[in-house]
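Heads up, the thing below is written out as structure tokens.
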Amino acid sequence: MVNTEPISIDGVAGPIVVTTNAFRARPVVTVSGVPAPRTGGHQYALPAAGGGAVEATVRSAFADPYPTVEVNGVRHRTGPSVPAALRVLTLLPILLMVAVGGALGGLIGALGFVVNVGAVTSIRTPTAVKALIMVGVSAVAFVLWLAVAVVVTAAFGLN
């Protein structure tokens, strides 16, 4: 789970935090710690500063852990911009494992994906270091898959 930094939007009754999960499609939106009700699709009713509610849309970009919150036609990022190369590297373990690994590879790839999302969201780490970590995670996932495949093949005599 990734909690965004609180953001303030004019007209909304408090700081907004969006909690995303790599495996759950729908984010949780809170205003001043109180969950905002979802009104449909990607729409949420945020409490307005003067009473009532403000309609907001939460959108996520491809492999970006920080969605945007759109209020009154203005988009507000909930975290730093993630370069496209890091977004691709985030998915690399899953792409490798689905291509060669079957169900076991998919599971190991999913674990690598979760670790890579953690690397992307570590704010104080330089982009180059994040990229190296993510490539390393992908390599470890591949070696782990290969080791498990060799052990399973040997154990069941599937040569």
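Some observations on this one:
- Lone qualifier among ARG77, ARG124 - being under 20 Å from ASN21 (Cβ atoms) and of a type in the set (D, E, K, R): ARG77
- Within this structure, GLY102 passes the test of being within 21 Å of LEU144 (Cβ to Cβ) and exposed (fewer than 14 other Cβ atoms within 10 Å of the Cβ).
- Verdict on ILE123 being in contact with a Gly (Cβ under 7 Å, 6 or more places away or on another chain) and hydrophobic (A, V, I, L, M, F, W, C): no
Per-residue answers, yes or no, for (1) in contact with a Leu (Cβ under 6 Å, 6 or more places away or on another chain); (2) small (Gly, Ala, Ser); (3) part of a loop (DSSP other than H, G, I, E, B); (4) under 30 Å from LEU132 (Cα atoms):
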position	(1), (2), (3), (4)
GLY14	no, yes, yes, no
VAL17	no, no, no, yes
THR20	no, no, no, yes
THR30	no, no, no, no
LEU92	no, no, no, yes
ALA99	no, yes, no, yes
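- Hey, ALA103 hydrophobic (A, V, I, L, M, F, W, C), at pLDDT below 80, out of contact with any Gly (no Cβ under 9 Å at 6 or more places or on another chain) and assigned to a helix (DSSP H, G or I) or not: yes
- The residue that is modelled with the highest pLDDT, among those in the stretch 50-68 that are closer than 10 Å to ALA13 by Cβ and exposed (fewer than 13 other Cβ atoms within 10 Å of the Cβ), is GLY52.
- Among the residues of the stretch 120-148, those identified as free of Cβ contacts under 8 Å to residues at least 12 places away in the same chain and either surrounded by 18 or more Cβ atoms within 10 Å (Cβ to Cβ) or not in a helix (DSSP H, G or I) (or both) are SER122, ARG124, THR125, PRO126.
- For the stretch 48-56, the criterion of being part of a loop (DSSP other than H, G, I, E, B) and closer than 15 Å to VAL2 by Cβ is met by none of the residues.
The values are calculated or read from the model by the stated rules, or taken from the named source; none is laboratory data. Please read these numbers as outputs of a predicted model, since none were measured by experiment. So basically every Cβ, Gly included, is an ideal-geometry build from the backbone, and we count neighbours across all protein chains shown.
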